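Q: Please see the structure below; I have some questions.
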Amino acid sequence: MVTFGIVPRVETLSSSGIQSIPKEYVRPQEELTSIGNIFEEEKKIEGPQVPTIDLKDIDSMDEAVRDKCKEELKKAAMDWGVMHLVNHGIPDDLIERVKKAGQAFFDQPIEEKEKYANDQVSGKIQGYGSKLANNASGQLEWEDYFFHRIYPEDKRNLSIWPRTPSDYIEATSEYARLLRGLATKVLSVLSLGLGLEEGRLEKEVGGMEELLLQMKINYYPKCPQPELALGVEAHTDISALTFILHNMVPGLQLFYQGNWVTAKCVPNSIIMHIGDTIEILSNKKYKSILHRGLVNKEKVRISWAVFCEPPKDKIILKPLPEVVSETESPLFPPRTFDQHIQHKLFRKTREELIT
């Protein structure tokens, strides 16, 4: 078996013909009881379902129609913190180009992809990679990925963007530009939902100049023992917002009201998560939901996650004064975005050392 650096590429493991996965990929016993067959899980129609929000009326000339659309988005953000967005304004053909380009990159031989390899140990996090163990138990996730900053344009490093396929840079750049506009639209609705002025949340997360969009293309190869592994372990996103495309293979699960709920594959939708950043600013009025990714034996799953993140040190994240009161005290201490990241990593490692 070929390995690269410290961690073997999961794709290499998957294509090697192994019948059982290495122990580093096996989840703890308490998690295994909740991991089922993702295709069966997606078929379930009883119980709660991730909401679908139709944005076609968000700019309607009719105020009542417009307000109804905004109210539905706000309610989903408060109740679930995740939703399928349809009629989001990003052309279907552009989304198909983005997905085709990302898939074409991963369809290349591993040797070609290695030319774009990152080096997490030295801090070079952009590029092609696999998860390093960052927890006390040394566990790994069943995924490879490609990670890079895509917006603002002046903060990109095009030298590490894939040159193959030739459409990758153009399609991804245009998608980033339109997605940034969608983020503004969503943030304005969420601001109004808190009784704030329309541009407030956008300003609080860095505005047009400082809010960073980072894309992570997650590649989940077929897994010989999907009942033992996770593509991505349970976590909440640190971002302000996260937007996700996928190749219509199910895998995303949300922890809602004490149970894991499987997200349906909704055609032409973008999945949107509220991240920790907005949860903090709203004093938990908007939810950052715990979620994870399952894998399967039959189909490769690919997802395109774009994390909209505030600058690491320029902004202090804390509940906004307007959302706290004598009866609703602040639920989060003031921290920079970087301090929030470090807090989550430290807490995770500490919990695993204790348990």
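Since every read-out is calculated from the coordinates, none of them should be taken as a lab result. Because the structure is a prediction, the values reported are computed rather than measured. Methodologically, a virtual Cβ is constructed for each residue, glycine included, from the backbone with ideal geometry; neighbour enumeration extends over all protein chains shown.
Q: Show which lysines lie in cross-link reach of LYS264 when reach means a straight Cα distance below 18 angstrom and same-chain residues fewer than eight apart are skipped.
A: LYS43, LYS44, LYS299
Q: If each DSSP helix of 4+ residues adds -39,500 (n - 2.57) and the sum is divided by the residues in the chain, what number results at 222 nm, nearest 500 deg cm²/dmol?
A: Here the helix-only value at 222 nm equals -9500 deg cm²/dmol.
Q: Pulled fully out, how much extra length does the chain show between LYS203 and PHE255, if you take 0.36 nm times their separation in residues and subtract their Cα-Cα distance?
A: Full-extension gain reported as 15.7 nm.
Q: OK, next. Going by a ≥ b ≥ c, the root eigenvalues of the Cα gyration tensor, does region 113-195 fall in the rounded group (a/c under 1.5), the prolate group (a/b larger than b/c) or the oblate group?
A: Because a/c hits 1.5 or more and a/b fails to exceed b/c, region 113-195 counts as oblate.
Q: Might you report the magnitude of the Cβ-based charge dipole of region 155-280 about its Cα centre, with Lys and Arg at +1 and Asp and Glu at -1, to the nearest 20 debye?
A: That gives a dipole near 360 debye.
Q: Another question about this same structure. Considering only DSSP beta bridges where both residues belong to the chain, give the percentage that are antiparallel (nearest 5).
A: Antiparallel bridges: around 90 percent, rounded to the nearest 5.
Q: For LYS216, list the aspartates and glutamates whose Cα falls under 14 Å from its own Cα; do not include residues on the same chain fewer than 8 positions away.
A: Excluding near neighbours in sequence, the set is GLU143, ASP144, ASP237, GLU309.
Q: Report, in debye and to the nearest 20, how large the dipole of region 10-354 comes out about its Cα centre when Lys and Arg carry +1 and Asp and Glu carry -1 on their Cβ.
A: Dipole of region 10-354, to the nearest 20 debye: 480 debye.
Q: Suppose R0 equals 45 Å. What FRET efficiency, 1/(1 + (r/R0)^6) with r the Cβ-Cβ distance, do GLU227 and ILE125 give to the nearest 0.05?
A: That pair, GLU227 with ILE125, gives E of 0.90.
Q: Now, a different point. Name the residues whose placed amide hydrogens come within less than 5 Å of the amide hydrogen of THR336, ignoring near sequence neighbours (fewer than 5 apart) on the same chain.
A: The answer is LEU317.
Q: Right, here's the next one. Could you tell me the relative contact order of the chain? Use alpha-carbon pairs under 8 Å, at least six residues apart, and round to a whole percent.
A: 21
Q: Here's a follow-up. Send over the Kirkwood Rh of the chain, from the inverse of the averaged 1/r over different Cα pairs, rounded to one decimal Å.
A: It is 21.1 Å.
Q: Do any of LYS203/LYS287; LYS155/LYS314; LYS155/LYS185 go past 18 Å between their Cα atoms, and which?
A: Beyond 18 Å between Cα atoms: LYS203/LYS287; LYS155/LYS185.
Q: Considering the options ALA234, SER191, LEU252, tell which one lies farthest towards the positive end of the dipole of region 177-264, charges being +1 on Lys and Arg and -1 on Asp and Glu at the Cβ, about the Cα centre.
A: Ranked along the dipole, the leading option is LEU252.
Q: Convex hull over the alpha-carbon atoms of region 35-84: what's its volume per residue in Å³?
A: Per residue, the Cα convex hull of region 35-84 comes to 96 Å³.
Q: A further question follows. Work from the charge dipole of region 223-355 (Cβ charges, +1 for Lys and Arg, -1 for Asp and Glu, about the Cα centre) and give the residue of VAL295, SER329, VAL306 farthest towards its positive end.
A: Checking the options against the dipole of region 223-355, the answer is VAL295.
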